[in-house]
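What follows is a short report on a single structure.
The values are calculated or read from the model by the stated rules, or taken from the named source; none is laboratory data. Note that the structure is predicted; figures quoted are calculated from it, not measured. Don't worry about glycine lacking a Cβ; one is built from the backbone with ideal geometry, like all the others, and counts go over all protein chains shown.
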Amino acid sequence: MTRFRFGSAIPFLSLLGGCDWGSSVDLRNESGPVVAEQIRKVAAGGDFAQPGRWETKITLNQVDAPGMPAAFTEKLKAQMRQPQTAASCLTAEDVKKGAFYVGEENQACRYERFAMGKGRIDGVLRCTDQMGTRSMAMSGSYGRDSYKLVVTTDSQSAQQAGAAGKVSVTMTMDARRSGQCLGTEGRPLTRL
C-alpha cells in the first residue's frame, strides 16, 4: 500500500515555522519542484526562518484504515494517545539555500493549490500512479518562531479496491524554535 509517512512533513515544516515573509506564494496546479523553487526565491530574500533548534510535536487526531488488521489499528490508536516529538537543527546555510523539499519528486504528483503568506498556509498535493492515489492537505498558521498545522493524508491502494485499500490520517503538527542547536538534534529531512 502506498501512503505518506507520518513524519514526512517535519522538514518542510521546520523551515516553515520561522517564516515571516513580506511576499507570498500562491500557486495552482504546479509540480512539487515548482512550488519548492518559488519558496526558495522567497527564502533568498533573507527574512525566512531563524536558524536554531526546532522542536516539533505530532499528534495523531484520527486514523481510519478499514482494511487493516485490528492489531494495526489498535497500535495506531495507542500512538494517538502519545504525541510524537522530534528535534531538528536548522542551520543558517539550510535557511539560505532553502534546504527542503515540499512535495514528492514524482511527475505523478501535483499541487492542486499551495498558498503561503501573512502567517497562513494552505495546500493540497495529489498523486496518482501505479501504486494508487494519495493526497495530502495542510492548513494552519505560522510565525517567526512557531507554527501549527493540521495535515490530512488519504491514500487508496491500486492493489486493494474500495475500503480495504483506504487509509486516512489526520494529525496536528505544533512546533517552536527553542533556541540554539545543542548538537543532539537530527538534521532536517529533505523530502516529504
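Of note:
- So TYR142, is it hydroxyl-bearing (Ser, Thr, Tyr) and modelled with pLDDT under 85: yes
- Conditions (1) at pLDDT 90 or above; (2) crowded, with 18+ Cβ neighbours inside 10 Å; (3) out of contact with any helix residue (DSSP H, G or I) (no Cβ under 7 Å at 6 or more places or on another chain): number failed by VAL151: (3)
- Number of positions in the range 118-148 that are buried (at least 18 other Cβ atoms within 10 Å of the Cβ) and more than 16 Å from THR56 (Cβ to Cβ): 7
- Any pair with Cβ under 9 angstrom, 6 or more apart, that starts in the range 157-176 at a residue that is within 21 Å of LEU76 (Cα to Cα) and small (Gly, Ala, Ser) and ends at one that is part of a helix (DSSP H, G or I) and modelled with pLDDT under 90: SER157/ALA164; SER157/GLY165
- Considered as a group, the residues in the range 78-112 that are touching a strand residue (DSSP E or B) at 6+ places or on another chain (Cβ under 7 Å) and at pLDDT below 80 include one that is surrounded by the most Cβ atoms within 10 Å (Cβ to Cβ), and that residue is GLY103.
- Screening the candidates ALA175, ALA115 for the property of being aliphatic (A, V, I, L, M) and surrounded by fewer than 20 Cβ atoms within 10 Å (Cβ to Cβ) yields one hit, ALA115.
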